[in-house]
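Chemist: So that we are looking at the same thing, I have put the structure below in structure tokens.
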Amino acid sequence: MQAPVAPKARLDFLSTRPPANYVAGLGRGATGFTTRSDIGPARAAPDLPDRSAVGGAPAPGVGRGRGKGAGGEEDDNEDDAEEKGYDENQKFDEFEGNDVGLFASAEYDEDDKEADAIWESIDQRMDSRRKDRREARLKQEIEKYRASNPKITEQFADLKRKLYTLSSDEWDSIPEIGDYSLRNKKKRFESFVPVPDTLLEKARQEKEHVSALDPRSRIVGGMETPSSQTPVADLTAVGEGRGTVLSVRLDRILDSVTGQTVVDPKGYLTDLKSMKITSDAEISDIKKARLLLKSVTQTNPKHPPGWIAAARLEEVAGKMQVARQLIKKGCEECPKNEDVWLEACRLASPLEAKAVIAQGAKANPNSVKLWMQASKLEEDTANKSRVLRKGLEHIPDSVRLWKAVVELANEEDARLLLQRAVECCPLHVELWLALAKLETYENAKKVLNKAREKLRKEPAIWITAARLEEANGNTASVGKIIERAIRALQNEGLEIDREAWMKEAEGCERAGSLGTCQAIINNTVGVGVEEEDRKRTWVADAEECKKRGSIETAKYIYAHALTVFRTKKSIWLKAAQLEKSHGTRESLDALLRKAVTYIPKAEVLWLMGAKEKWLAGDVPAARAILEEAFAAIPDSEEIWLAAFKLEFENRETERARKLLAKARERGGLERVWMKSAIVERELGNVDEERRLLDEALRRFPSFFKLWLMLGQLEERLGNSDKAKDAFESGIKNCPNCIPLWLSLASLEEKMNGLSKARAVLTMARKKNPQNPELWLAAVRAEARHGYKREADVSMAKALQECPNSGILWASSIEMAPRPQRKTKSSDALKKCDHDPHVIAAVAKLFWQERKVDKARNWFNRAVTLAPDIGDFWALYYKFEQQHGAEEQRSDVLKRCVAAEPKHGEKWQATAKAVENSHEPTESILKKVVATLKKDETLAENNHN
């Protein structure tokens, strides 16, 4: 075992009291200092020892700063801190903030550490939630800043990339910039000496902001130097001359006799035009540009754009004479450049322009632009032609010159010129075609044959040859020429562009060559089209031609398609519609006759043919077509009904009854029985009508129109109970039929009042929810009986259930008070912008406000969207009767007759009345307008 080590003896002076005024380390040169940790917290702990007991000496290990005494000021500060509870000299703590003094005596334990960790995790979580959005926003801001503040390298990157396209000559033509740096330049001694008057005058002229041509200079076209620009040696003479000019101008303006100011308007405006007021900034820019362009022309005098730019700069500055001198020097330096000569011709006066362009043409005899400009300067046609022919001596292969000289010549000279032109320019097809047009038939054929030998891949020559044959009556050879053209071009390796050939066909149609158009379509419409796509492609081509106005081309496309698809009913119908719109009755009849021979079972084609004959007034021919249709389709209900309508509309009632009887014997469906009842109703045979309806209802109990007709029959005869039974029976068989519910509600309202009608309509809405017609009927029933509040409530519920119903919104606009109708119409247009009922309601609103043009536009929009609703046509016609001219009324009437409307509340009630069964559309329209006027008068009387 080791012997125990004796502990070191503790030094005695470490435990003794230090002497007064002792400063630790002062002997070795150290300076004492005091830190905040030495002072302690603002609130001292209650168990700290009293400093006064030690005699004011500092605690062990604590030094004092230099210059501080033993007591006094520092102790006073500590006492103040104890009284306030905090230390004013305390610094801000990053962890505790300003509250560090409050928690100086507190301990930081594990709970505090855990709480800080939780809060830190929460902060990180909240920060991560917005991190992507913040980073995206920061990235967007950086990109925006870089886009608005690009670097110099980025600004010139595209220009640097394009430098590889410069040729060696272009590199050599770049001027060398002079040495403008201040390096190695010493500041020379400046001396000031008097200058002559001529230099001052020249400086004055250069600094002048206003430059104008005097009258004498304007008379000679600006070629004479005015006296004011001539250098003057004596400044006194300059002043005297200025005063003289001013007095002359004042004398010209002032009338000494009358004392009134007299100004020559033409001369004054001319002076204003000749003046150019330039700002100081523009003067500075012009000087910089002049210096730069001077450097360009001096370093590279063979660069034409430099001379042109310098001349144009002087022109802008108002120094025309200097510009002419510069461009003249440019012509001397660059005599082989046509642009310089053209610029010199433009800047020259009218008297010198011809001489300038002549020099340019002499220096550049092969320049087409110079010869064309020289011809433009001539005023006489003969001189123009002479100049152009002179140019053709130097450039015989210029097509532009040949065209210009031919345009100036008469027909005979043009023919001779074109004969020479095709020799000099044999590869230009326009010259050949122009020569062929001027030649006779035989010579034209020779010309086209020569052109075909020279230009074997040019389709225009073949097309012109076909048009030539057609124009001379050889229609049989047109198709052969086009067919040969297709083969020849394909043998030459030329791909047949189907679209281009169809455009040529349309061009032939516009030129009147219909035979050539048809031949082109027959030979090229199928090129490059797959067999399964032919029908769709050809129909689309015909529709596009129709849109472009090429009707005959569309007809030929349909005709060709029908030779391939002879049994396609859709193509026959489209072709028939095209003939009906843009053809004659004879061509349409021939097309339909041809159609039914290929498709004898197509009912619609038979019916279209019979209707066209009927509209043409040929009733026997329509009967004959329907008889043929009976033979082809004996069991067709549509043909039976068409034959009935033909006889019924032509007041042949007995023939109509017999046809319907035969149709019923052959097992006619519900429409045949309904038409039979209609005939008996018109004839007044009530018993026979009731018998037919009863028998039809036994056969077809689910056909709601039969129940309606039976109920209307009993109601018309005054048998309300039987009518009610009929409507109720119809509702049992057809619970979703809205007209039956409306008829029953109307009958209940007449018989038992509003309460029963409400019950019926409520039941109807339960059976048929979200139906706007039922809601509208309920609203109108309340309004008829004066319950406006209940009507508004019902309308609000209706719009909640059917928010996109046009008829409800239109009725809501009409029900609203006048100040609220604009707001209602705006809401309606937001919900259903393209609904015709809403548009018609807005049109009526404009009508009431006397905004005629807007009302007309909105009515036109309503009848365009819904041409089948007759009520809109009646409103439109009534509006035009009040505000339109006779031409506008006739246009509305014509459009209504063409549309043949069938629906609408007022329209159906008028058209289906017994007394109006055979009335034409025009008569029904006028009767509906009369009904609208009557209702309007009645409403005004009730309101008053």
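Chemist: Return the residues of the stretch 913-938 that are surrounded by 13 or more Cβ atoms within 10 Å (Cβ to Cβ) and not in a helix (DSSP H, G or I); say none if nothing qualifies.
Modeler: Scanning the stretch 913-938 gives S917, E919.
Chemist: Just to be sure I understand, how many residues within the stretch 624-666 are closer than 20 Å to L706 by Cβ and either polar (S, T, N, Q) or open to solvent by 50 Å² or more (accessible area, probe 1.4 Å) (or both)?
Modeler: Residues flagged as closer than 20 Å to L706 by Cβ and either polar (S, T, N, Q) or open to solvent by 50 Å² or more (accessible area, probe 1.4 Å) (or both) within the stretch 624-666 amount to 6.
Chemist: Surrounded by 11 or more Cβ atoms within 10 Å (Cβ to Cβ), at pLDDT below 75, part of a loop (DSSP other than H, G, I, E, B) and hydrophobic (A, V, I, L, M, F, W, C): which single residue out of F95, F103 fits that description?
Modeler: F103
Chemist: If you don't mind, another one. Would you check which residues across the stretch 518-531 are part of a helix (DSSP H, G or I) and either within 22 Å of E495 (Cβ to Cβ) or small (G, A, S) (or both) and list them?
Modeler: Correct list: A519, I520, I521, N522, N523, T524, E531.
Chemist: Does K675 satisfy the condition of being assigned to a helix (DSSP H, G or I), exposed (fewer than 14 other Cβ atoms within 10 Å of the Cβ), out of contact with any strand residue (DSSP E or B) (no Cβ under 6 Å at 6 or more places or on another chain) and at pLDDT 80 or above?
Modeler: The answer is no for K675.
Chemist: Which of the helices (runs of 4 or more DSSP H) contained wholly in the stretch 128-212 include at least 1 residues that are closer than 28 Å to D285 by Cα, at pLDDT 70 or above and of a type in the set (S, T, N, Q)?
Modeler: Qualifying helices (runs of 4 or more DSSP H): 131-148, 152-155, 197-207.
Chemist: Next question. With buried (at least 22 other Cβ atoms within 10 Å of the Cβ), more than 30 Å from S284 (Cβ to Cβ) and touching a Ser or Thr at 6+ places or on another chain (Cβ under 7 Å) as the only criterion, which of V387, V356, V368 stands out?
Modeler: Within the list V387, V356, V368, the selection yields V387.
Chemist: Residues in the stretch 865-878: is at least one among the hydrophobic types (A, V, I, L, M, F, W, C) and open to solvent by 40 Å² or more (accessible area, probe 1.4 Å)?
Modeler: Yes, some residue in the stretch 865-878 is among the hydrophobic types (A, V, I, L, M, F, W, C) and open to solvent by 40 Å² or more (accessible area, probe 1.4 Å).
Chemist: If you scan the stretch 687-712, which residues turn out to be in contact with a Leu (Cβ under 7 Å, 6 or more places away or on another chain) and closer than 23 Å to R651 by Cβ?
Modeler: The answer is E689, M709.
Chemist: Go over the candidates K555, K546, K580 one by one and state the one that is under 24 Å from V527 (Cβ atoms) and either open to solvent by 50 Å² or more (accessible area, probe 1.4 Å) or free of Cβ contacts under 8 Å to residues at least 12 places away in the same chain (or both).
Modeler: Step by step, each of K555, K546, K580 is checked, and only K546 is under 24 Å from V527 (Cβ atoms) and either open to solvent by 50 Å² or more (accessible area, probe 1.4 Å) or free of Cβ contacts under 8 Å to residues at least 12 places away in the same chain (or both).
The values are calculated or read from the model by the stated rules, or taken from the named source; none is laboratory data. The structure displayed is predicted, hence computed values, not measured ones. Backbone-built Cβ (ideal geometry, glycine too); neighbour counts: all protein chains shown. These area figures cover heavy atoms from the full protein model, side chains too; ligands, DNA and RNA do not enter into them. Shrake-Rupley method; radii C 1.70, N 1.55, O 1.52, S 1.80 Å.
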